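Some notes on the structure that comes next.
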Amino acid sequence: MKICPVCGSANIKLDAGGYTGKYRCEDCGYVGVLILEVEEEDDG
Ligand SMILES: [Zn+2]
C-alpha cells in the first residue's frame, strides 16, 4: 500500500489520473512524486 510521506495517510490517489506521475493525498493535500510504499503484514 502507498502512504503519504507527510501525514502517513493511506488515502492516496494518482494526481491527474496518473498522467503526471504524481500522487495526491486526500487528507492533507500533499501532491508530489515522493510516496511511501509499505508492505502489509496481515499474514501470520
Ligand atoms: Zn497526507
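The values are calculated or read from the model by the stated rules, or taken from the named source; none is laboratory data. All figures in this text were calculated on a predicted structure; none of them were measured in a lab. Don't worry about glycine lacking a Cβ; one is built from the backbone with ideal geometry, like all the others, and counts go over all protein chains shown.
So which residues in the stretch 1-22 are of a type in the set (Ser, Thr, Tyr) and modelled with pLDDT of 95 or more?
The first filter runs over the stretch 1-22 and keeps only residues of a type in the set (Ser, Thr, Tyr), leaving 9, 19-20.
Answer for the stretch 1-22, where residues must be of a type in the set (Ser, Thr, Tyr) and modelled with pLDDT of 95 or more: just Ser9.
Every test in (1) surrounded by 10 or more Cβ atoms within 10 Å (Cβ to Cβ); (2) away from the ligand (no atom under 13 Å from the Cβ) is passed by Glu41 save one, and that test is (1). Has the stretch 16-26 got any residue that is near the ligand (Cβ under 9 Å from one of its atoms), loosely packed, with under 14 Cβ neighbours inside 10 Å, under 11 Å from the mean Cα position of the chain (by Cα) and charged (D, E, K, R)? Within the stretch 16-26 (the criterion being near the ligand (Cβ under 9 Å from one of its atoms), loosely packed, with under 14 Cβ neighbours inside 10 Å, under 11 Å from the mean Cα position of the chain (by Cα) and charged (D, E, K, R)), the answer is yes, since at least one residue qualifies. Is it the case that some residue within the stretch 8-26 is touching a helix residue (DSSP H, G or I) at 6+ places or on another chain (Cβ under 7 Å), of a type outside the set (S, T, N, Q) and part of a loop (DSSP other than H, G, I, E, B)? Scanning the stretch 8-26, I find at least one residue that is touching a helix residue (DSSP H, G or I) at 6+ places or on another chain (Cβ under 7 Å), of a type outside the set (S, T, N, Q) and part of a loop (DSSP other than H, G, I, E, B), so the answer is yes.
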